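Contents: one structure, followed by commentary.
Derivation of every value follows stated rules applied to the coordinates shown; laboratory data play no part. The shown structure was predicted, so the numbers you read here are calculated from the model rather than taken from an experiment. So basically every Cβ, Gly included, is an ideal-geometry build from the backbone, and we count neighbours across all protein chains shown.
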Amino acid sequence: MDQESKQVAQHFHQTAAEFDSIYTGKKGAFSRWLDQHFRQDMYERYRLTLEECGDMEGKSLLDIGCGSGRFAIPLAKKGARRVVGLDFAPQMLNLAGAQAKADGVEGVCEFIQADFIEYDFGEETFDISIAIGLFDYIKDAGPFLSKMRQISKLKTIATFPVKWSYRAPIRKVRLGLKGCPCYFFTISQLQELYQKAGFKPPSIQRIGKIYFVTAT
Ligand SMILES: C[S@@+](CC[C@H](N)C(=O)[O-])C[C@H]1O[C@@H](n2cnc3c(N)ncnc32)[C@H](O)[C@@H]1O
């Protein structure tokens, strides 16, 4: 893993519980209020991703940068045959494993600690692959998208932070101070990246400060 990836992994290892509390709401009333007002797009991307995955019965799913498993687990509960969650932050995976067990889907879910770009999937492919909140931390998105296309049979779903939003510079500085780099994208950049990765023209939807992209 390169130095920058190590910094991202370390950041999410240390902040795993705090990150997960965005979903659980297990935090102070003021923090919950802030989430409800400033993280609406995260809740909307969650709803849209589950909707876009549709009927999971018998399907296989790869969740790249799965974090605490808040997408992998509900999708497993929708009847997926196999769900692989991959992340390089160990504490995120600890949370995901515990939640999968609590929800009775530990037999369907496998959580793997690895850097997506380095991990060898062998011959395995997946019906659907998702990368939610991952590309924010990827300097060179091209090889990631190419690998996603190669291992996905039906659909890929990914989100990207919008370059020209008022919060982009604030976020860059806030995360930078914590030693975590982050990157932003324009629509034309995304169109070019997807084309170069060999996808058909993707559907790009803007939700607040996020682009929600589905492609085959
Ligand atoms: C913002 S979190 C999103 C987690 C989850 N997808 C969600 O939306 O709840 C981003 C996650 O991507 C992981 N990550 C970033 N780059 C990665 C890489 N190259 N390989 C594997 N995981 C990565 C981080 O460790 C972190 O857990």
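Could you list all residues from segment 188-210 that are assigned to a loop (DSSP other than H, G, I, E, B) and out of contact with any Phe, Trp or Tyr (no Cβ under 9 Å at 6 or more places or on another chain)?
198, 199, 208
Every residue, every condition in (1) exposed (fewer than 15 other Cβ atoms within 10 Å of the Cβ); (2) over 23 Å from residue 50 (Cβ atoms); (3) of a type in the set (Asp, Glu); (4) touching a Cys at 6+ places or on another chain (Cβ under 9 Å), yes or no:
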position: 85; (1), (2), (3), (4): no, no, no, yes
position: 92; (1), (2), (3), (4): no, no, no, yes
position: 98; (1), (2), (3), (4): yes, no, no, no
position: 118; (1), (2), (3), (4): yes, yes, yes, no
position: 130; (1), (2), (3), (4): no, no, no, yes
position: 136; (1), (2), (3), (4): no, no, yes, yes
position: 139; (1), (2), (3), (4): yes, yes, no, no
position: 142; (1), (2), (3), (4): yes, yes, no, no
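Which residues, taken from segment 100-116, are crowded, with 16+ Cβ neighbours inside 10 Å and farther than 22 Å from residue 13 by Cα?
105, 108, listed by residue number.
If a residue must be closer than 16 Å to residue 119 by Cβ and of a type in the set (Gly, Ala, Ser), how many such residues does segment 134-167 contain?
Adding up the residues that qualify gives 2.
Hey, which of the helices (runs of 4 or more DSSP H) in segment 1-60, taking only ones fully inside, have at least 1 residues that are touching a Ser or Thr at 6+ places or on another chain (Cβ under 9 Å) and within 10 Å of the ligand (Cβ to nearest atom)?
16-24, 40-53
Using beta carbons and a limit of 7 Å, which pairs, at least six apart or on different chains, have the first residue in segment 13-40 and without any contact (Cβ under 8 Å) to a residue 40 or more places away in the chain and closer than 23 Å to residue 65 by Cβ and the second one more than 16 Å from the ligand (Cβ to nearest atom) and part of a helix (DSSP H, G or I)?
Close Cβ pairs satisfying both conditions: 25/32.
Hey, can you tell me all the residues within segment 98-137 that are without any contact (Cβ under 8 Å) to a residue 24 or more places away in the chain and either β-branched (Val, Ile, Thr) or within 16 Å of the ligand (Cβ to nearest atom) (or both)?
98, 120
Hey, can you tell me all the residues within segment 158-187 that are part of a helix (DSSP H, G or I) and surrounded by 13 or more Cβ atoms within 10 Å (Cβ to Cβ)?
Within segment 158-187, 167, 168, 171, 172, 175, 187 qualify.
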